Amino acid sequence: MIINSSKVDSILFFLNNIASSQSNFEQLLNRIDRKQNGVFLTNSLSTVENILSIIDIDADIFNKRILEPSCGQGIFVLKLISDIYQLFPDEKLISNFISKNLFFVDISDEMVQRTISNIKSLYQCMFEKDYNGSFHGITWDFTDKINVSASLFVEPEKNPFTLLYNTFDYVIGNPPYVTLYGRRDKKKSEEQRVNYLRNYNQFPEYVKNGKINLVMLFIEHSLDFLKDGGKLSFIVDVSFFETAYEFTRKYLLEKTRIDELHVNIKDFDVASGQVILKISKIARSFDKEVRIQDHKTQKSYFVPQSSWLNKNDKYKFRLNSCNLSKQIIDKAYELAEIKKVTMSEQIRYMEETAKATAEETRKAAQERLQRR
């Protein structure tokens with residue numbers, strides 16, 4: 001079946017309207033509500049396409065299971081359905097995919113219902129028929145993670161997706177950016193903080209307080225739902241690179257292969273930028289290289305994942321392809337902590353190595369061009 005151009009235009013018009021309505025919906029919320037609830041909806045179809053690019057759309061897609069854990073108005077699942085329709089414009093295939101393969105969650109029942117309504121509208125646009133199938137749309141706090149280490153004598157905890165751990169091929173989306181327990185941040189009960197620290201494996205046992213961001217929790221819990229080899233693609237705030245995310249980054253470095261980082265993205269109505277994180281659930285992939293795509297310079301380069309596995313540097317994802325930069329960071333810590341030298345001595349050391357750093361960067365770039 002060949003889709004006529006007017007049908008394609010109608011679907012694109014529909015998707016653009018949804019993206020625009022997300023921006024309008026945000027504007028109806030006051031700034032405090034948006035910050036408290038992390039409501040920063042994705043309103044760029046190009047960004048949605050970027051996030052969805054981890055999904056291979058071929059005949060096998062109908063055997064794959066996809067999860068969107070913070071669906072909002074459904075822009076990610078809508079774009080995915082439309083992309084599949086472009087290649088497989090078959091009513092039965094699309095209907096079965098919606099009812100069997102697609103799962104979406106939001107803490108707000110209003111958002112879940114909006115997503116359901118939008119899927120029905122898209123289906124009507126594609127086939128000029130009503131969709132009468134079912135949905136795997138759940139109203140649920142996705143941070144409600146099960147404590148898998150519970151005692152044999154304790155009744156196992158359950159949640160709406162208890163039987164679905166380790167069964168998904170893809171997790172996609174835009175998790176809520178909400179910081180908890182900081183002086184000016186959203187507060188939950190102290191009991192909830194204890195539950196987060198107990199149930200989430202990224203936090204060491206010695207951590208008793210400090211800021212927790214929902215993005216940290218969404219990343220780890222999403223990995224729990226992925227099969228081995230499954231893929232995750234999220235857009236998150238640029239604060240992901242800051243010290244507060246130390247344990248999250250360490251967890252990712254040890255539990256996943258980091259495939260791509262897209263940086264310098266400005267998609268939301270906030271001062272900070274965003275990062276697209278694309279990872280695979282493949283543990284201890286230290287020998288792999290991470291592709292860095294800079295959306296400001298439109299350039300890409302590669303960084304060894306192993307270069308970030310640095311406890312002294314808080315496991316920070318340094319966006320520099322030069323191996324010597326890691327040595328400089330390590331040396332700076334050594335000078336400061338072991339020799340206790342002055343700041344001027346550290347600066348002198350940096351100046352002495354700056355020329356060597358630039359030269360190594362130039363050579364590394366030439367080598368990569370030759371390999372291609």
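Odds and ends about this structure:
- If only residues of the stretch 47-70 that are in contact with a helix residue (DSSP H, G or I) (Cβ under 8 Å, 6 or more places away or on another chain) and of a type in the set (A, V, I, L, M) are counted, the one that is nearest to Gly137 (Cα to Cα) is Leu67.
- Residue in the stretch 104-125 that is closer than 22 Å to Asn63 by Cα and part of a loop (DSSP other than H, G, I, E, B) present: no
- Residue within the stretch 124-135 that is closer than 23 Å to Pro175 by Cα and in the same structural domain as Pro160 (by TED's automatic domain parsing) present: yes
- Just one residue in the set Val207, Val270 is surrounded by 15 or more Cβ atoms within 10 Å (Cβ to Cβ), in a loop (DSSP other than H, G, I, E, B), at pLDDT below 95 and among the aliphatic types (A, V, I, L, M); that residue is Val270.
- Selection count where residues are assigned to a strand (DSSP E or B) and farther than 15 Å from Leu253 by Cα, scope the stretch 284-322: 7
- So Ile57, is it under 23 Å from the mean Cα position of the chain (by Cα), assigned by TED's automatic domain parsing to the domain that holds Leu180, over 20 Å from Ile18 (Cβ atoms) and surrounded by 13 or more Cβ atoms within 10 Å (Cβ to Cβ): no
- Test: residue in the stretch 277-296 that is assigned by TED's automatic domain parsing to the domain that holds Thr162, among the acidic types (Asp, Glu), in contact (Cβ under 8 Å) with a residue 12 or more places away in the chain and surrounded by 21 or more Cβ atoms within 10 Å (Cβ to Cβ): no
- In the stretch 227-236 there is no residue matching the filter, namely being surrounded by fewer than 18 Cβ atoms within 10 Å (Cβ to Cβ), modelled with pLDDT under 95 and in the same structural domain as Ile279 (by TED's automatic domain parsing).
- Pick from the stretch 120-139, criterion crowded, with 16+ Cβ neighbours inside 10 Å and under 23 Å from the mean Cα position of the chain (by Cα), ranking: nearest to Arg65 (Cα to Cα): His136
- Of all the listed residues (Glu242, Glu260), the sole one being free of Cβ contacts under 8 Å to residues at least 12 places away in the same chain and closer than 28 Å to Phe76 by Cα is Glu242.
- Only one of Ile94, Ile75 that is in contact (Cβ under 8 Å) with a residue 24 or more places away in the chain and touching a Phe, Trp or Tyr at 6+ places or on another chain (Cβ under 7 Å): Ile94
- Residue within the stretch 252-264 that is surrounded by fewer than 20 Cβ atoms within 10 Å (Cβ to Cβ), in the same structural domain as Leu223 (by TED's automatic domain parsing) and at pLDDT below 95 present: yes
- Subset tally (residues that are part of a helix (DSSP H, G or I), of a type in the set (Val, Ile, Thr) and more than 16 Å from Phe203 (Cα to Cα)) for the stretch 219-267: 1
The values are calculated or read from the model by the stated rules, or taken from the named source; none is laboratory data. What you see is a predicted model, and the numbers here were worked out from it, not measured in a lab. Quick reminder, even Gly has a Cβ in these numbers, built from the backbone with ideal geometry, and neighbours come from all protein chains shown.
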